[in-house]
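The values are calculated or read from the model by the stated rules, or taken from the named source; none is laboratory data. Everything numeric in this text was worked out from a predicted model, so none of it was measured. Cβ: placed from backbone, ideal geometry, glycine included. Neighbour counts: every protein chain shown. The accessibility values were calculated without ligands, DNA or RNA, using every heavy atom of the protein model including side chains. Shrake-Rupley method; radii C 1.70, N 1.55, O 1.52, S 1.80 Å.
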Amino acid sequence: MAAELVRELGEIEELVEEILIRLLKDESGNLLRSFLVCKPWRDLLAGDGFRRRYGDFHQTPPMLGFFHIWPEPCAEFIPTTDFVAPDLNPRHHYSVEDCRHGRVLLRYIDEDENIPLLVVWDPMTGSETLLGSLEKLGTGSWSASVLCAADNCRHGDCQSGPFRVVFVFLHHEEEIATACVYSSETGSWSSSAVTDVGTFEDEIYFSMPSVLAGDALYFLLFRGQDVEGCSILKYDLGTSCLSEIHLSEEIQDAINSPILIASDDGRLGLADLFNFELSIWWREVDPDGVASWAERRDIDLETLLPTGDFKISPELVGSIEGTDIIFATTSLGTYEIDLKSLTSPLKMLSSWLNQDPNVKWTILPYVSFYYPPAVDGIVDEESSEDGHGNEEA
């Protein structure tokens, strides 16, 4: 009898797990409510086995919300699901530099020392990791990127693991770019990789946060206000080498205000939007390892956007790495474009985040699976009942 009961209870637990695994990944409140049902369910949801199977079932983590980079310091999290990020330290005026693998890279000014500092923030737990300072952080043009440092990671919920921060700096006087890496495992910065970026006849700057494609980070560079001076810096994470990719004259003549994108198979892409025509170039590598840009693909967005009075031409403002999703802002709101489906009308991401001809901004999606945290203080049934299964008065 006892053995039969144990077997039945085991089958019920497996059935419960199969049901919970199928809860929609972009509705985090469902898992949280399930977590609060009873102690056995809490133990199940908090286990590594459930997290692994949940990730296997859903494959790609959802976008839980996004941050946006403004000219002024801002680190506001805009939820697109029912996930709510904890508040940041109110003493600091943060600005967002990058967001990847469930982590957010922030910058703020230390008012006592009057120097900028970098912080890696985990929106799931609210934990912050202050990085060792870089003397050159406050000068010149630079860009910084955060990413997971764990081996063979699927990046669905790896916020608690090791991470790296890649810092790329443009030296105007020496006409070079350098890159160094911070490791959370050693708590220190590496020595610098160097590449020549030519004479700076005009101002040279990073136009947007980096994109991770394959085993490399890519940074879009502009020289002055001329798009024809656009190029791409590549930092190879495997070899720790920094190099520059020059765009062909054909691409230079075709682009207006491009962004970098990354496909689900690790390819680097270049996207540009002008007068409702979206152009895409993918960088292909042949069997001999030679890279080149594939033939341009053009998409007419006028047939996909809802009808309305678009006062100015839409702009591209970001993408979700490892997918075919990019974001375009218009005077009517910001839209999500799925290059694989191109369904009409396009999905509205935000109706209040409208295009501003005087402000250039970027969306950084926050992508991660949500799992209820194992928080102390959750009252279980043993502590809320009297010992006989009856609730206390």
Restricting the stretch 259-285 to residues that are under 19 Å from residue 244 (Cα atoms) and among the β-branched types (Val, Ile, Thr), which is most open to solvent (accessible area, probe 1.4 Å)? 285
Within the stretch 285-323, can you find the residues that are aromatic (Phe, Trp, Tyr) and modelled with pLDDT of 85 or more? 293
Out of the residues in the stretch 360-382 meeting the condition of being open to solvent by less than 20 Å² (accessible area, probe 1.4 Å) and assigned to a loop (DSSP other than H, G, I, E, B), tell me which one is modelled with the lowest pLDDT. 372
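Conditions (1) open to solvent by 70 Å² or more (accessible area, probe 1.4 Å); (2) in a strand (DSSP E or B); (3) within 26 Å of residue 223 (Cα to Cα), marked per residue:
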| site | (1), (2), (3) |
| --- | --- |
| 313 | no, no, yes |
| 322 | no, no, no |
| 328 | no, yes, yes |
| 336 | no, yes, no |
| 342 | no, no, no |
Candidates 359, 290, 317, 285 - the one that is under 26 Å from residue 64 (Cα atoms) and out of contact with any Ser or Thr (no Cβ under 6 Å at 6 or more places or on another chain): 359
Just one of 65, 55 is at pLDDT 85 or above, in a strand (DSSP E or B) and not charged (D, E, K, R); which is it? 65
Matching strands (runs of 3 or more DSSP E) fully within the stretch 158-199 where at least 3 residues are among the aromatic types (Phe, Trp, Tyr): 163-171
Just wondering, is there one or more residues in the stretch 10-26 that are modelled with pLDDT under 85, among the acidic types (Asp, Glu), under 21 Å from residue 81 (Cα atoms) and outside the structural domain of residue 83 (by the TED database)? yes
Scan the stretch 36-48 for residues that are more than 17 Å from residue 18 (Cβ to Cβ) and touching a helix residue (DSSP H, G or I) at 6+ places or on another chain (Cβ under 7 Å) and jot them down. 38, 39, 42
